[in-house]
Amino acid sequence: MTTFAFTLEAFTDIDFWIGVGILAGTYTIFALGLQINVGFTGIVNFGQAGFMAIGAYTMGILVVKAGWSFWLALPAATAVAMAAGLLIGLPSLRLRADYFAIVTIAFAEIVRYVAQNARELTGGNQGLLGYDDAWADVSFWILDRLDAIGMGDQFLLPLLLVTWITALVLIAVLSVVQRTPWGRVLRAIREDEDAARALGKNTFAYKLQSLMIGAALGALAGYFLALNLAFVSPESFEPLFTFIGYAVLILGGLASYAGVALGAIVLWTLLEATRFLDLPLAAEKVAALRFMLVGLLLILLMAYRPQGILGKRREMVLGD
Amino acid sequence: MTDDGPILEVAGVRKSFGGIHAVDGATFDVARGSITALIGPNGAGKTTLFNVVTGFLRADAGRIAYDGRSIFRSAPHAIARRGMVRTFQITKALAAMPVIDNMMLAAPAQPGERLANLIMHPRACRAREHEVRERALERLAVFGLADKADEYAGTLSGGQRKLLEFARALMVEPRFLLLDEPMAGINPTLGARLLEHIRELRERRRVTFLFIEHDLEVVMRHSDRVIVMAQGDVIADGDPASVRRDQRVIDAYLGDVR
């Protein structure tokens, strides 16, 4: 008999949850950028992994190759990612949504290939490491505090905490901004760009701003990814990363920042938990099966709850 | 800025799509404070002309001046900000936004539409928002939409959407309104109310109107001037009575209507 065993041990293991938590937190920040683009402005950004790569690599290069302080490199790398957003947006945001999407995915692939081949700067496929000393200091400082409650031996707990504090602060800030007149213009663009233009709104400027903020959030996610992996390599920034970001978005619900966090938690719990599926199959087949399971879940979700966990169904079905 | 010259001057405007000359040398003026109708058979180029004049399409050639200054190839939002505001033939209600947000969006001079001001001048943003909300609610009441303020615009009927779009355009505080078939799909009672508003805005604030309309009854009774287009060009331009008698207009459009 074949056995479909599923060890529940994993779920009581704190290491498992810390690992899932860091991934979910990183993807939350990553997909918040997608949310402001896709969910609130209606621009389809398929290049989010590219902005993440630019952020992570710029930070790494500035620290390792140029000897910058980690804390200075963060804002500098964020500015570089935003400039990349501006550069991509200027010629291509005037295009129709689907063409824009193609441009962004091409951009992200260009970034990845450059990272792969500019070995002097990026270390190529070997990757880039040694940028996280400053973070290690902070991490140990937090671990010292955690010692008091007997959690001092959880090495990755500080990263989990900082990731999620960042994610939650971002969700709060973005939610507030979305309710301002500025956010209202973004929503109007999502609904009908021409209507917004006819009412005197410079929609192009708003789309650029949305893209640049999305890029900054992508870069931010890149820093957490870099700290989690301890090295940056091109394969971390494949287009797949962006599409998992979209899965998070769809799962959590369009036009909901809190939904992004829920979507990321559900998706990564699922993706990681299915690792423990004990099937009489080769490891790579199990790995493929995990994604099939997630795909199936998304299909079921689309059928029974198309608006996602926190999305508003009414906003979905109302059309002109 | 001239105070008495025409509010809109259009001269020799051309717009082609491939081999089709949608607008082919149209020339006309719109007098300040007038209610001017733009009529013509389907495919005459009326809506294309609207799109060109309001910056949504780039003209191939010609001259367009609003309030004495050229707006040839200006961006739509820049034109709207100067007080020349349009509506659309197919209503563009922002469906997944509440009615009140539709209205408030349109108000000009909201500092909170810039991110920097939200941080630097939050009080000014809130004050303006408060002001705009009051005004939006007043306007909605005028058009019988007050009880719909918090509903999604997508739940409104077709006629209500037309009214919302008109009310929303008024929020921009326009001096010149271009309406693309404002009466289409509105029941006669609401239509009468809309026409009443148009007249009142003209009398009280000297707003100028240019509207595309197929209901000749409305055109003849409510406009001071009628511009007739056919095949991309203006074929007649004058007061309603003379246009009605114009043989070219009868041939191209009116037929036997008396």
Relative contact order in percent for segment B:1-134 (Cα pairs under 8 Å, 6+ apart) equals 20 percent
Protection proxy (average C-beta count within 10 Å per residue), highest first, orders B:241-247, B:37-43 as B:37-43, B:241-247
Cα extents of segment B:95-155 along the principal axes, largest first, in whole Å, come to 37, 22, 15
So, with points 7 Å from each Cα along the Cβ direction, the B:E196-B:E131 label distance in nm works out to 3.0 nm
Yeah, segment A:94-224 with a ≥ b ≥ c from its alpha-carbon gyration tensor (a/c under 1.5 is rounded, else prolate when a/b outruns b/c, oblate otherwise) is oblate
By the mean-Cβ-within-10 Å protection proxy, highest first, A:297-305, A:163-171 rank as A:163-171, A:297-305
Using the Cα gyration tensor of segment B:126-258, the equivalent ellipsoid's semi-axes, largest first and to the nearest Å, work out to 33, 16, 12
Taking chain B and counting helices only, DSSP H stretches of n ≥ 4 at -39,500 (n - 2.57) each over all residues, the nearest-500 ellipticity at 222 nm comes to -11000 deg cm²/dmol
Note: A:308-315 gets an average of partner chain Cβ contacts (10 Å, Cβ to Cβ) equal to 2
The answer for the net charge of residues other than A:Q154 whose Cβ lies under 15 angstrom from its Cβ, with Lys and Arg +1 and Asp and Glu -1, is -4
For peptide B:124-130, the mean count of other chain Cβ atoms within 10 Å per residue Cβ is 1
Listed by chain and number, the aspartates and glutamates with an alpha carbon less than 13 angstrom from that of A:K201, same-chain partners under 8 positions apart left out, are A:D192, A:E193, B:E113
In whole angstrom, the spacing between the Cα centers of segment A:185-202 and segment B:158-220 equals 21 Å
Here the net charge surrounding A:G19, from other residues whose Cβ is less than 14 Å away from its Cβ (Lys, Arg +1; Asp, Glu -1), is -2
Along segment B:218-223, Karplus-curve 3J(HN,Hα) (6.51, -1.76, 1.60; θ = phi - 60°) to the nearest Hz, with x for Gly and Pro, reads 5, 4, 5, 8, 10, 9
For chain B, the longest principal axis of the Cα atoms and the Cα long axis of helix B:158-171 enclose an angle in degrees, to the nearest 10, of 70 degrees
Looks like chain A, by Cα gyration tensor root eigenvalues a ≥ b ≥ c and the a/c under 1.5 rounded cutoff (else prolate when a/b is bigger than b/c, oblate otherwise), is oblate
Within the under-14-Å Cβ sphere about A:Y131, not counting A:Y131, Lys/Arg +1 and Asp/Glu -1 give a net charge of -2
Partner shielding of A:198-210, as the mean number of partner chain Cβ atoms within 10 Å, equals 6
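Coordinate-derived values only; no laboratory data. Owing to the predicted nature of the structure, the values given are computational and were not obtained by experimental measurement. Please note: Cβ atoms are built from the backbone with ideal geometry, for glycine as well, and neighbour counts cover all protein chains shown.
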